[in-house]
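The values are calculated or read from the model by the stated rules, or taken from the named source; none is laboratory data. These numbers were taken from a predicted model, which means no experiment stands behind them. Positions of Cβ are backbone-derived with ideal geometry, glycine not excepted, and every protein chain shown enters the neighbour counts.
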Amino acid sequence: MSRLLVTGGAGFIGSNFVHHVIAHTDHTVTVLDKLTYAGNEASLAGLPEDRVRLVVGDIADAAVVDPLVAEADAVVHYAAESHNDNSLHDPRPFLDTNIIGTYTLLEAARRHDVRFHHISTDEVYGDLELDDPARFTESTPYNPSSPYSSTKAGSDLLVRAWVRSFGVRATISNCSNNYGPYQHVEKFIPRQITNVLRGVRPKLYGTGENVRDWIHADDHSSAVLTILDKGEIGETYLIGADGEKDNKSVVELILQITGNPTDAYDLVTDRPGHDLRYAIDSTKLRTELGWKPTYGDFESGLAATIDWYRENEAWWAPTKDGVEAFYASKGQ
Ligand code: NAD
Ligand code: DAU
């Protein structure tokens, strides 16, 4: 049994990971989360109190971080400012949390010689052309586009430097776009699902041709546990489930599953600097560590996610109007 410190465990992917750990292992979990607008204690409801503890605090606060890292067997670092559109509006919190927060955690892991796993994104590699047969691999050069992805790239490089310079026992994973329960309604799939549930037309940026490579958050969690168990220190692993879809197809599928006409959406102002396409080649993780995804069918995973939002309006309704007011102010 291990004691995991999960930063950002009240956010979307972090809370899915905590649920996964409790269901599939005998580890105990301390969640360190600042409960920003993106964190929600309700995402941890129903978990056993003798195995999950929430500490509300900032990963950039060394006085909070140090004793929690000292008592952990491993740190799994999800906490971040995570939304590209917000980073275009106000980049500063992205520097504070993604760069200084990661630095603060790494220093504590170094002091106490604690195993560290850093959660990152495929966006550090920039984007691909729509007709490019290439996908991102662990050796693709970094080329981030947005304030968000540049701070995630910076945090990855800090982890690599702390491994090489100080011998910190760290691994890194870069995952593609996640979907599933507990995702904030600012993000693409939950925004469109909750729009449709409210009788509002989905909003596609630009022409809707941009491609994202979708993976269920539960598959991301099993990949992270695999890397914690079997990953080699200092290595980077890309996580993906061969789920490339253009945004228009995703919206059409949401409309079809909910019994609406598939052309009942609006094209709105594009995101500045909008990355065209992401695509992950996860061969290394699959062949070296033996991981594979279990959600093979995007349509049924999406249908289950739509059901979750239908059944959990109390979880998302308090944030919906504020998010839509923000987008409306930008013509989106
Ligand atoms: P999220 O925005 O839903 O959750 C982030 C969590 O971090 C929230 O609970 C928030 O309260 C917490 N947090 C923010 N700043 C903090 C701070 N200073 N101290 C402590 N806690 C803080 O994000 P997400 O979508 O769940 O992403 C989690 C991680 O996964 C991020 O590192 C992100 O870069 C990475 N990632 C996300 C995706 C995706 O598709 N969403 C894909 C690949 C990688
Ligand atoms: O690739 C991994 C990344 O995926 C993570 O690192 C980020 O944390 C996560 O937010 C996500 O980034 P994206 O920018 O790809 O996700 P988002 O949900 O914001 O948008 C997905 C796509 O949908 C993107 O092409 C923009 C588009 N979009 C988004 C919104 C909110 C729309 O067309 N309409 C919308 O209303």
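General remarks:
- Residue within region 56-67 that is closer than 12 Å to residue 9 by Cβ, within 13 Å of ligand 1 (Cβ to nearest atom), surrounded by fewer than 16 Cβ atoms within 10 Å (Cβ to Cβ) and of a type in the set (A, V, I, L, M, F, W, C) present: yes
- Lone qualifier among 167, 208, 126 - being out of contact with any helix residue (DSSP H, G or I) (no Cβ under 7 Å at 6 or more places or on another chain), away from ligand 1 (no atom under 13 Å from the Cβ) and more than 18 Å from residue 231 (Cβ to Cβ): 126
- Of the criteria (1) surrounded by fewer than 23 Cβ atoms within 10 Å (Cβ to Cβ); (2) within 15 Å of ligand 1 (Cβ to nearest atom), which one residue 88 fails: (2)
- For beta carbons closer than 9 Å, sequence separation of 6+ or different chains, a first residue in region 23-47 that is at positive phi and a second that is in a loop (DSSP other than H, G, I, E, B), the qualifying pairs are 35/10.
- The listed residue being touching a residue at least 24 places away in the same chain (Cβ under 8 Å), basic (Lys, Arg), surrounded by fewer than 18 Cβ atoms within 10 Å (Cβ to Cβ) and more than 10 Å from ligand 1 (Cβ to nearest atom), out of 111, 191, 115, 135: 111
- Filtered residues of region 36-53 (kept if more than 19 Å from the chain's Cα centre (by Cα) and among the hydrophobic types (A, V, I, L, M, F, W, C)): 45, 47, 52
- No other residue among 61, 122, 73 is touching a Cys at 6+ places or on another chain (Cβ under 7 Å) and more than 29 Å from residue 328 (Cβ to Cβ) apart from 122.
- Taking region 108-133 as the range and being of a type in the set (A, V, I, L, M, F, W, C) and either at pLDDT below 95 or within 19 Å of residue 64 (Cα to Cα) (or both) as the test, the residues that pass are 108, 109, 114, 116.
- Residue in region 246-261 that is away from ligand 2 (no atom under 16 Å from the Cβ), part of a helix (DSSP H, G or I) and surrounded by 17 or more Cβ atoms within 10 Å (Cβ to Cβ) present: yes
- Among all residues of region 15-36, there is at least one that is within 16 Å of ligand 2 (Cβ to nearest atom) and within 23 Å of residue 169 (Cβ to Cβ).
- For residue 294: the one exception among (1) surrounded by 13 or more Cβ atoms within 10 Å (Cβ to Cβ); (2) closer than 28 Å to residue 7 by Cα: (1)
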